[in-house]
Amino acid sequence: MVTLEVSGMVCAGCEKSVRQAITGKDPGAVVTVSRETGRVEAETRLSAEEAATAVAAAGFEARPAAS
């Protein structure tokens with residue numbers, strides 16, 4: 001499980017873009033996005049850093065959540 005803190009999500013379209021950023025790198029990922037909390041949880045083969053990089057490339061500020 002990878003958990004990210006993501007800022008800049010303001011609408012359902014943003015949530016979809018974040019989800020697609022991760023599933024674009026790992027099509028089998030199961031991604032849950034909450035713009036209200038700014039958290040993204042993903043069951044993915046990607047590392048937290050790889051997932052954060054993918055989300056950042058989609059135009060959002062992303063970083064692995066603190067443990």
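Each reported figure results from applying straightforward, stated rules to the coordinates on display, with no laboratory input. For clarity, every value in this text was computed on a predicted model and none was experimentally measured. Here the Cβ positions follow ideal geometry from the backbone for every residue, glycine too, while neighbour counts run over all protein chains shown.
Count charges around G38 for me, please; just the other residues with Cβ under 13 Å from its Cβ, Lys/Arg as +1, Asp/Glu as -1.
For residues surrounding G38, the net value is -2.
Please give me the summed charge of the neighbours of P64: other residues whose Cβ is under 12 Å from its Cβ, Lys and Arg +1, Asp and Glu -1.
Neighbourhood net charge equals -2.
Hey, rough spin-label estimate for K16 and T53, points 7 angstrom out along Cα→Cβ, what's it come to in nanometres?
Result: 2.8 nm between the two label points.
With runs of 4+ DSSP H residues as the only contributors, calculate the mean residue ellipticity of the chain at 222 nm using -39,500 (n - 2.57) per run, divided by the residue total and rounded to the nearest 500.
The helix-only estimate for the chain comes to -11000 deg cm²/dmol at 222 nm.
How high is the FRET efficiency from L46 to E5, r the C-beta distance, R0 25 Å, rounded to 0.05?
Details: r = 16 Å, r/R0 = 0.63.
Taking R0 as 25 Å, the efficiency between L46 and E5 is 0.95.
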